[in-house]
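Colleague: Could you have a look at this structure, given as structure tokens, before my questions?
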Amino acid sequence: MTAPSERPAIENLRGKFTSPDLQQRLTALSDCLKFDQGLDLLAQQALTNPSEQVKQSAYWVLYGDNPYLTENVNLRSPNIIQDK
């Protein structure tokens, strides 16, 4: 159960995952780790988000690495799935 003090923050994160801005959705993944219920939300995004980049990035966040949030990332790398 979500602590009452976390509820607004979790709802705010849920809203970020519906944003058309990909970078905002990717940043929200790391923010999930700041809250007790955030891990559930992170796992949900890894499984159900329509963006392959968000799904892949959620996996990386779980393992402590997120190249989409690194400044010098080459988003055209053949090893990174691109949304169309």
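Colleague: Checking residue 78 against (1) touching a Lys or Arg at 6+ places or on another chain (Cβ under 8 Å); (2) at pLDDT below 80, only one condition comes out false. Which one?
Modeller: The failed condition is (1).
The rows are residues; the columns are (1) at pLDDT below 90; (2) in contact with a helix residue (DSSP H, G or I) (Cβ under 9 Å, 6 or more places away or on another chain); (3) surrounded by 10 or more Cβ atoms within 10 Å (Cβ to Cβ).
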| site | (1), (2), (3) |
| --- | --- |
| 2 | yes, yes, yes |
| 26 | no, yes, yes |
| 60 | yes, yes, yes |
| 71 | yes, no, no |
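Colleague: Answer yes or no as to whether residue 52 is modelled with pLDDT of 90 or more and surrounded by fewer than 18 Cβ atoms within 10 Å (Cβ to Cβ).
Modeller: Numbers: modelled with pLDDT of 90 or more: yes; surrounded by fewer than 18 Cβ atoms within 10 Å (Cβ to Cβ): yes.
Judged against the criteria, residue 52 is a match.
The values are calculated or read from the model by the stated rules, or taken from the named source; none is laboratory data. Values in this document were obtained by computation on a predicted structure and should not be read as measured data. As a convention, Cβ positions derive from the backbone with ideal geometry for all residues, glycine included, and neighbour counts pool all protein chains shown.
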